[in-house]
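Some notes on the structure that comes next.
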Amino acid sequence: MAEKRYLLTPGPTPVPPQVLAALAEPIVHHRSPEFLPVYEQCLERLRTVCRTSSDVLLFTASGTGAFESAVANLVSPGEPHLVVSSGNFGERWAAMVAAYGGAVDHLRYAWGEIPSADDVRARLGESAAKAVWVVHSETSTGVVADVQALAAAAAEHGALVVVDAVSSLGAVPCETDAWGLDVVVSGSQKALMTPPGLGLAAVSAAAAAAAGSSPRFYFDWERTRKAQATLDAPFTPAVSLVSGLNVALGLLLDEGLEAAFDRHVRLGRACRAGAKAMGLELFSPDDDSSAVVTAIRAPAGIDGTDVVRILGDRFGITIANGQADLKGKIFRIGHIGWFDVFDIVTALSAVELALSELGAEIERGVAVTSALEAFEHARV
Ligand code: PLP
């Protein structure tokens, strides 16, 4: 029998069959009557999911490309910017803003810490910034920041706020307009249940008006905005991915955003309950903010890389290792997008087997029951 594979990482994530079917449709031209209604509906659905009435600009690029669009459009050389980081992606944005010549004030936390609005307020009080750059769900650590509070702190000082919502949009609440988020960036391959390859940026009028002087072409917001206004695209869009994304967004909206947020909370509870029941220590916070990814510390004397390797080699299950300094120290189970509790149970039971094989002292046979119970009784 062909090996069955399970993709249980925090991105890319599994893609529902309805989306795969749309991806397999014959290619249509991006200015044809077959494509335009799909494109229009996809852009409208993106606004709904982002909870914004502003334009959501769609790029054929991964999430990092959409993020680079924000940097290329907002950062001018020498201009002050405050970048908040507490993990891999915050670090990436600090490096990118610096690469465009921005004068970066780096509010840098240890990986896994939770950024504080008071710290942002204090830093902006010391030195002004044109924009504050924050990560909503820091996928490297499992921490979901309170972007509403961070954005409020930025607004008090007249700074724009740019949010990396690559692993949060569609999984945890992200109220672009209500929270005053000027730019929200995301990608197709996480809670949006589509293969990698599309990036998006919801851009407020204030952010659009604040464009800087850095050179840009492919990622120029105005070029894309103008084209989208007439249902065109400045460059050939990945038509199959747009069709797939449109179907995926339809599935998400059929479930209902609130119901999807609730499901992610319950998946997080199930995963944490199972991990703790077998005696493991969590790295990500032990609360409902950890709705997207559960980061678990490798037990003493065990290399987390071996856990990840055994799951892949022996069981066909892909989970994620820690990144950078956390490599081998933690492993991460994703529960974002098209996930149900049986995905969690699969991951936990395989982790249990792998850890036993590696000689860890863990309690056997309790993780699955605890996870199922936590999922069942955790309606929010
Ligand atoms: N930001 C976060 C929080 C992510 O999780 C990721 C991807 O893992 C990215 C940014 C980068 O997105 P991409 O890999 O699509 O460029």
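Side notes on the structure shown:
- Loop sites in the range 294-365: GluC sites (Glu not before Pro), DSSP, at most 15 other Cβ within 10 Å: 361, 363
- Residue-wise HN-Hα coupling along the range 101-110, computed from phi with Karplus coefficients 6.51, -1.76, 1.60 (Hz; x: Gly, Pro): x, x, 8, 8, 9, 9, 8, 10, 9, 5
- Accessible area per residue was computed with a 1.4 Å probe on protein heavy atoms; residue 29 scores about 100 Å².
- Extension gain for residue 175-residue 259 works out to 28.7 nm (0.36 nm per residue, less the C-alpha to C-alpha distance).
- Bridges between two residues of the chain, per DSSP, are antiparallel at a rate of about 50%.
- Under 19 Å from the residue 3 label point (7 Å along Cα→beta-carbon), backbone N, the range 317-334: 317-321
- DSSP-loop chymotrypsin sites (Phe, Trp or Tyr not before Pro) across the range 266-345, with at most 10 other Cβ within 10 angstrom: none
- Listed by chain and number, the lysines whose alpha-carbon sits under 25 Å from that of residue 329, ignoring those within fewer than 8 places in the same chain, are 190, 276.
- For the range 1-156, DSSP calls about 20 percent of its internal beta bridges antiparallel.
- Relative to the longest principal axis of the Cα atoms of the chain, the long axis of helix 341-357 lies at roughly 50 degrees.
- Karplus-derived 3J(HN,Hα) values for the range 286-291, using 6.51 cos²θ - 1.76 cosθ + 1.60 with θ = phi - 60°, are 8, 8, 5, 5, 8, 8 Hz; glycine and proline are entered as x.
- Distant-in-sequence amide H partners of residue 57 (H built 1.01 Å from N, under 5 Å): 201, 202, 203
- Carbon plus sulfur fraction of accessible area for the chain, probe 1.4 Å, in percent: 54 percent
- Accessible surface, per residue, of the chain when the full set of protein chains is kept, probe 1.4 Å, Å²: 38 Å²
- Whole-Hz ³J(HN,Hα) from phi, Karplus 6.51 cos²θ - 1.76 cosθ + 1.60, for the range 297-304, glycine and proline x: 6, 5, x, 3, x, 10, 8, x
- Computed on protein heavy atoms with a 1.4 Å probe, the accessible areas place 138, 255 in the order 255, 138, largest first.
- Listed by chain and number, the lysines placed with their C-alpha closer than 27 angstrom to that of residue 130 are 226; residues fewer than eight positions away on the same chain are left out.
- DSSP bridge pairs, the range 66-208: antiparallel proportion in percent, nearest 5: 30 percent
The values are calculated or read from the model by the stated rules, or taken from the named source; none is laboratory data. On a predicted model such as this, the values are computed, not experimentally measured, just so you know. Cβ atoms come from the backbone with ideal geometry, glycine included; neighbour counts cover every protein chain shown. SASA here: full protein model, heavy atoms, side chains in, ligands and nucleic acids out. Shrake-Rupley method; radii C 1.70, N 1.55, O 1.52, S 1.80 Å.
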